[in-house]
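Only one structure is covered here, and it is reproduced in the block below.
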Amino acid sequence: MRNQIFRTHLTELLGIRHPILAGGLGPGVSDGRYVAAVVNAGGMGFIVHTGYDDPDQFIDEMRICRELTGGKSFGVNLYISRVAGSVEKIIARIPQLVEHGCSVVETAGQNPAPIVPALREAGIKVIHKVPGVRYAVSVARTDVDAVIVVGNECGGHPGIYQIGTMVQAAQAPGVIDKPVIIGGGIGTGSQIAAVLAMGGAGVIMGTRMMVAEELWPSRAYKDQMVAGNGTESVVIKKILRDNHRVLANHSTAAVLALEAQGVTDFEAYRPHVTGALTREGYRTGNLATGTYDWGHAAIFADQVEPVEAIFDRLIDDAAQAVGRINAMRFLC
Ligand SMILES: Cc1cc2nc3c(=O)[nH]c(=O)nc-3n(C[C@H](O)[C@H](O)[C@H](O)COP(=O)(O)O)c2cc1C
């Protein structure tokens, strides 16, 4: 594992070696084993709470994570939905999070204000993720510890405005009075150095990490990502104002056809976007159907290797980027 080369508000906040978050990966992809590997490599990872229909399985994943890290703390991703009862369900979970060693949550979805006080009271740090600076500004007014802003390049949900990461990374730290973590298309150390240079406290990655050896999706899935060049994604469900960047395949073609017809009833989309199809594809490597969050950073996912090896390369590359800038400084 590489030595710490950056000390930022994020590394200090979470007590981690590198300013790198490995964002929650659903459905059930970022499990205890993977999150433990991220924590052991000096970053912070998040077990996705909604990834487990069976609450006992979620608890098992937290146990596995705790065991594999030798008791280090770890993160959980909490999705706050619009559905009535979502907030109450999350609040009811908090004692379990504390009991099993979760020290930080990555929240996403609705504004986290209703759950932040209970989380903070329990000693859990809150980092809320949004797909645009305009949302981050209002979230930063709540008592969250930090804010994540992801740009259009991201795998998953780039938001309806689809503003690029470079623009948001440059804007966000100037208008948000809390540590800002930047994501969307990040997969190299030079991008990490650039984010820090722009005032960010760290980065978040999802797509780049999908080739990590510790992740359970099949080797065939990972090989397809390695073979990818970053152009294979498409944004679907714009008509539902639920923009979703995923791998282009038969399911996304069917979804785009419905959108072209002006269909706005989600029930028509459901058979193509169901999580069951996606889980099956991760297991078998047959990605023709199902929806697979897949961002532009696929271009950087160039080999299957352990999380620690990915992190080592990122840190070496970041150090080189800083060296290049330092070398230039003396030229002018
Ligand atoms: C396969 C995959 C699954 C994801 N699942 C979730 C999820 O369940 N919840 C969530 O908040 N974000 C999810 N994300 C988003 C990531 O946590 C992260 O914000 C995003 O991937 C960063 O952009 P990048 O893909 O360009 O690195 C997912 C991303 C990927 C690639």
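No value in this document is a laboratory result; all are computed from the given coordinates. Bear in mind the structure is a predicted one, so any value in this text is a computation, not a measurement. So basically every Cβ, Gly included, is an ideal-geometry build from the backbone, and we count neighbours across all protein chains shown.
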Whole-Å semi-axes of segment 258-332's equivalent ellipsoid (Cα gyration tensor): 42, 19, 8
Order of Phe74, Phe330 under a 10 Å beta carbon neighbour criterion, fewest first: Phe330, Phe74
Mean Cα-pair separation over length for the chain, i.e. relative contact order, pairs under 8 Å, 6 or more apart, %: 16 percent
For the chain, built as a Gaussian network whose Cα springs stay under 10 Å, the top-fluctuating residue of Val150, Val139, Val322: Val322
Rounded to whole Hz, the Karplus (6.51, -1.76, 1.60) HN-Hα couplings of segment 308-324, x for glycine and proline: 4, 5, 4, 4, 4, 5, 4, 5, 4, 5, 5, 5, 5, 4, 4, x, 4
HN-Hα J in Hz across segment 10-27 - Karplus 6.51, -1.76, 1.60, θ = phi - 60°, x for Gly and Pro: 6, 4, 6, 4, 9, x, 10, 6, 10, x, 10, 9, 9, x, x, 10, x, x
Inter-part distance where segment 165-240 and segment 150-164 are each reduced to a Cα centre, Å: 10 Å
Cut-off 10 Å between beta-carbons: net charge of the residues surrounding Leu78, Lys and Arg +1, Asp and Glu -1: +1
Theoretical gain in end-to-end length, Thr231 to Glu280 [0.36 nm per residue, Cα-Cα removed]: 15.3 nm
Neighbourhood net charge (14 Å Cβ-Cβ; Lys/Arg +1, Asp/Glu -1) for Ala172: +2
Pairs of lysines in the chain (C-alpha under 23 Å apart; 8 or more residues apart or interchain): 7
Amide N proximity, segment 5-31 versus Gln96 label position 7 Å along Cα-to-Cβ, cut-off under 20 Å: 24-31
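Would the chain count as rounded, prolate or oblate if I go by the C-alpha gyration tensor, calling it rounded below 1.5 in a/c and otherwise prolate when a/b exceeds b/c, oblate otherwise?
Note, shape of the chain comes out rounded.
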222 nm mean residue ellipticity, helices alone, for the chain (DSSP H n ≥ 4; -39,500 (n - 2.57); rounded to 500): -12500 deg cm²/dmol
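Count charges around Ile16 for me, please; just the other residues with Cβ under 12 Å from its Cβ, Lys/Arg as +1, Asp/Glu as -1.
Here the count lands on +3.
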